[in-house]
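Peer 1: Quick one: structure below, then a few questions.
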Amino acid sequence: MSRKVAQADASTAARIESLDIKLEVLVIPVSDVDRAKAFYQRLGWRLDQTPPGIVQLTPHGSACSVQFGPGLTPAAPGSAVAYLVVSDVEAARADLVAAGIEVGDVFHVTPDGPVDGPDPQRRSYFSRATLRDPDGNTWLIQEITTRLPGRIEGGLTSFGSLSDLADAMRRAAAAHDEHEKRTGERDDNWPDWYAAYMVSEQSGATPPE
């Protein structure tokens, strides 16, 4: 391979890696559009304006939506599997159950398989619960508070709802209390510490000490 070709390949790879593409919609297969629409609205998902024949709903705080309707996908109804992310899986499950939605018990994943109850250390990605729509499409509700390194680029931080922001601030406050205990001093610069901690949670970076 010539040097010129190698440089062109490297340039193409760099452009692709920096190409800004966002996941917008997940199409799910359903057998009864009206029944599915009613179910997802019971979850509190927003009904969006769409062309005729397409139903689109968006979970509160989500940048990605779901769509269903005749002819949108050849997949069999009930065959979809996807994840929903929450900051507290037990609280989310309780709210859904209170709204009359059937949700499986909370469990956590281990090398030996799923175990009842949330992860004892409440580690991100480990605690889950299962939700199924009327067709059997499966949603795994996953608790995430701290992202793995590299999952969120740079220092970008966003919160999809007031409740997510409030939960993040509570975790930052608890961590800051431990910080002050370690240093034995009052930290008057706590806003900057909170900000650094909340960004580190989402980006997977090392949190402030």
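Peer 1: State yes or no: is Y83 hydroxyl-bearing (S, T, Y) and either over 30 Å from P120 (Cα atoms) or part of a loop (DSSP other than H, G, I, E, B) (or both)?
Peer 2: No, not satisfied.
Peer 1: Taking D95, is it assigned to a helix (DSSP H, G or I), without any contact (Cβ under 8 Å) to a residue 40 or more places away in the chain and in the same structural domain as V55 (by TED's automatic domain parsing)?
Peer 2: So D95 passes the test.
Peer 1: Does the stretch 174-191 contain at least one residue that is closer than 23 Å to S62 by Cβ, small (G, A, S) and buried (at least 16 other Cβ atoms within 10 Å of the Cβ)?
Peer 2: Within the stretch 174-191, not a single residue is closer than 23 Å to S62 by Cβ, small (G, A, S) and buried (at least 16 other Cβ atoms within 10 Å of the Cβ).
Peer 1: Then there is this: Among (1) of a type in the set (A, V, I, L, M, F, W, C); (2) closer than 26 Å to Y194 by Cα; (3) touching a residue at least 24 places away in the same chain (Cβ under 8 Å); (4) assigned by TED's automatic domain parsing to the domain that holds I28, there is one condition L148 misses while meeting the rest; what is its number?
Peer 2: Condition (4) is where L148 drops out.
Peer 1: Would you confirm whether or not the stretch 2-14 contains a residue that is part of a loop (DSSP other than H, G, I, E, B) and at pLDDT 85 or above?
Peer 2: Among the residues of the stretch 2-14, not one is part of a loop (DSSP other than H, G, I, E, B) and at pLDDT 85 or above, which makes the answer no.
Peer 1: Is it true that S127 is over 20 Å from D164 (Cβ atoms) and of a type in the set (S, T, Y)?
Peer 2: Details: over 20 Å from D164 (Cβ atoms): no; of a type in the set (S, T, Y): yes.
Answer is no for this residue.
Peer 1: Additional query: Suppose we filter the stretch 56-114 for residues that are among the small types (G, A, S), surrounded by fewer than 18 Cβ atoms within 10 Å (Cβ to Cβ) and more than 19 Å from the chain's Cα centre (by Cα); how many remain?
Peer 2: Residues in the stretch 56-114 being among the small types (G, A, S), surrounded by fewer than 18 Cβ atoms within 10 Å (Cβ to Cβ) and more than 19 Å from the chain's Cα centre (by Cα): 9 in total.
Peer 1: Oh, and also: With the requirement that a residue be among the hydroxyl-bearing types (S, T, Y) and closer than 30 Å to M169 by Cβ, what does the stretch 100-146 give you?
Peer 2: Selection gives S124, Y125, S127, T130, T145, T146.
Peer 1: Given the conditions (1) at pLDDT 85 or above; (2) assigned to a loop (DSSP other than H, G, I, E, B); (3) of a type in the set (D, E, K, R), report the number of the one that R128 does not fulfil.
Peer 2: With (1) at pLDDT 85 or above; (2) assigned to a loop (DSSP other than H, G, I, E, B); (3) of a type in the set (D, E, K, R) applied to R128, the lone miss is (2).
The values are calculated or read from the model by the stated rules, or taken from the named source; none is laboratory data. Note that the structure is predicted; figures quoted are calculated from it, not measured. Ideal geometry is used to build each Cβ from the backbone, glycine not excepted, and the neighbour counts take in all protein chains shown.
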